[in-house]
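Before any comments, here is the structure.
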Amino acid sequence: MTRQAWIVAAMATLVCSQAFAIDIITRKSDGKKVSGQISEMTRNEITLKKAVGEPDVVQANDVAAFQWDGGGPELPLGYSDENNGKFESAIKRYTKARDDAKNPSDYLKAEFEYVIARATAQMALADPEKQKAAVAMLEKAQKARPEHFRYYDSINLLGKVQLEMGDFAAARATFEQLTKAPWPDYKLLAKIASGRVSVREGNLDKAAQEFAEAAAAATDSPADQARKYEAMLGQARALITQSKFEEALTTLETVTEKGPADESALQAEAFVLQGNALQALGRAKEAALAYLHVDILFPRESAMHAEALYNLSKTWKLVQQEDRSSAAGGKLVQLYPNSAWRKKLAQ
């Protein structure tokens, strides 16, 4: 082959590669990245066509990260902001990415709609004034884009917002939709979510049964094990409601020490519940340290973060740390001005 022919062939290969290697998915299961052109997407899986070889099929519940070639620079920055609890900034970046996108695919258009709704809902968990809008945005995305890989995660988030609104019937109906997902861990999630509704309804016996059934049904798979610890978290919440604080602490210690460290929602709630139990037992300094974990490590979990800041303002004061108490209260006012915890702080 002549030098000129070799260069032409190399350029053709590069162009072909660029034409196909459009999107990159990082899988949860093994941390590996797969790339290609989306040839099909459903709420259950994504098929990536490659320039050479068989396509890769990634299950929707196995997506750890998604890099969209047509998303521009603002979309990944939005993901980063959202992961760090900077929801308003994330929404601005997502909106700019959507507006700047040139000829986005239907899949990417749906991504913009879902992530803007998701960030709004994350804020709504700690801001009642945003809850109706969040519900409307999530439902709109689900109705318009039902065959998107973020569908089931958005269903779970919708149920959480409805639960925070106190609409238990709607939350229960929403969480029931998770049973239609093809993965065992989402069926466990549906059972756990039902237990959470039962706790809020005051039906602790039913909740205990649902959490126990979910924990017992978990297999040894990493996804199922994460749900097992989430079920244990529900059991701890029910125990605290029954004033069984020492028993709850034993369960929570298992969750914080052995539960998956990368499940931020799980860990944030575990430390808040741990702080609540310790505070009820008069162990204010230990409680403050538990709440501090949430403030430092899990600020993106807005509902838990707001509750932790409120309790930090109380517990630091109990141990004569007035400056730290004031700082926690000020942070609560600044970050979550419309939350129930902010209003409780003023009482």
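Data for the structure
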{"read-out": "Selected residue (only one of Phe87, Phe112 is open to solvent by less than 70 Å² (accessible area, probe 1.4 Å), out of contact with any strand residue (DSSP E or B) (no Cβ under 6 Å at 6 or more places or on another chain) and within 15 Å of Arg300 (Cβ to Cβ))", "value": "Phe87"}
{"read-out": "Of all residues in the stretch 204-227 being open to solvent by 70 Å² or more (accessible area, probe 1.4 Å) and in a helix (DSSP H, G or I), the one that is farthest from Glu176 (Cα to Cα)", "value": "Pro222"}
{"read-out": "Enumeration of residues in the stretch 56-84 that are touching a residue at least 40 places away in the same chain (Cβ under 8 Å), open to solvent by 70 Å² or more (accessible area, probe 1.4 Å) and more than 16 Å from Arg118 (Cβ to Cβ)", "value": "Gln67, Asp69"}
{"read-out": "Residues located in the stretch 173-186, provided they are surrounded by fewer than 21 Cβ atoms within 10 Å (Cβ to Cβ) and either within 22 Å of Ala133 (Cβ to Cβ) or without any contact (Cβ under 8 Å) to a residue 24 or more places away in the chain (or both)", "value": "Ala173, Glu176, Gln177, Thr179, Lys180"}
{"read-out": "Residue ID - most open to solvent (accessible area, probe 1.4 Å), chosen from residues in the stretch 312-341 that are among the polar types (S, T, N, Q) and in contact with a Pro (Cβ under 9 Å, 6 or more places away or on another chain)", "value": "Asn338"}
{"read-out": "Pick from the stretch 45-55, criterion in a strand (DSSP E or B) and in contact (Cβ under 8 Å) with a residue 24 or more places away in the chain, ranking: most open to solvent (accessible area, probe 1.4 Å)", "value": "Lys49"}
{"read-out": "Near pairs, Cβ below 7 angstrom, 6+ apart or cross-chain, from the stretch 308-330 (in a loop (DSSP other than H, G, I, E, B)) to any residue that is open to solvent by less than 40 Å² (accessible area, probe 1.4 Å)", "value": "Val319/Ala284; Val319/Ala288"}
{"read-out": "Scan of the stretch 93-127 for residues that are of a type outside the set (S, T, N, Q), over 12 Å from Trp68 (Cα atoms) and touching a residue at least 60 places away in the same chain (Cβ under 8 Å), ordered by number", "value": "Met123, Leu125, Ala126, Asp127"}
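Residue-by-condition table, conditions (1) farther than 14 Å from Arg200 by Cβ; (2) touching a Ser or Thr at 6+ places or on another chain (Cβ under 7 Å); (3) modelled with pLDDT under 95:
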position: Tyr151; (1), (2), (3): yes, no, no
position: Ser154; (1), (2), (3): yes, no, no
position: Gln162; (1), (2), (3): no, yes, no
position: Met165; (1), (2), (3): no, no, no
position: Ala173; (1), (2), (3): yes, no, no
position: Ala181; (1), (2), (3): yes, no, no
position: Lys187; (1), (2), (3): yes, yes, no
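The values are calculated or read from the model by the stated rules, or taken from the named source; none is laboratory data. All values reported here derive from a predicted model rather than from experimental measurement. Neighbour counts run over all protein chains shown; Cβ positions are idealised from the backbone, glycine included. Heads up: the accessible areas ignore ligands, DNA and RNA and are worked out on the full protein's heavy atoms, side chains in. Shrake-Rupley method; radii C 1.70, N 1.55, O 1.52, S 1.80 Å.
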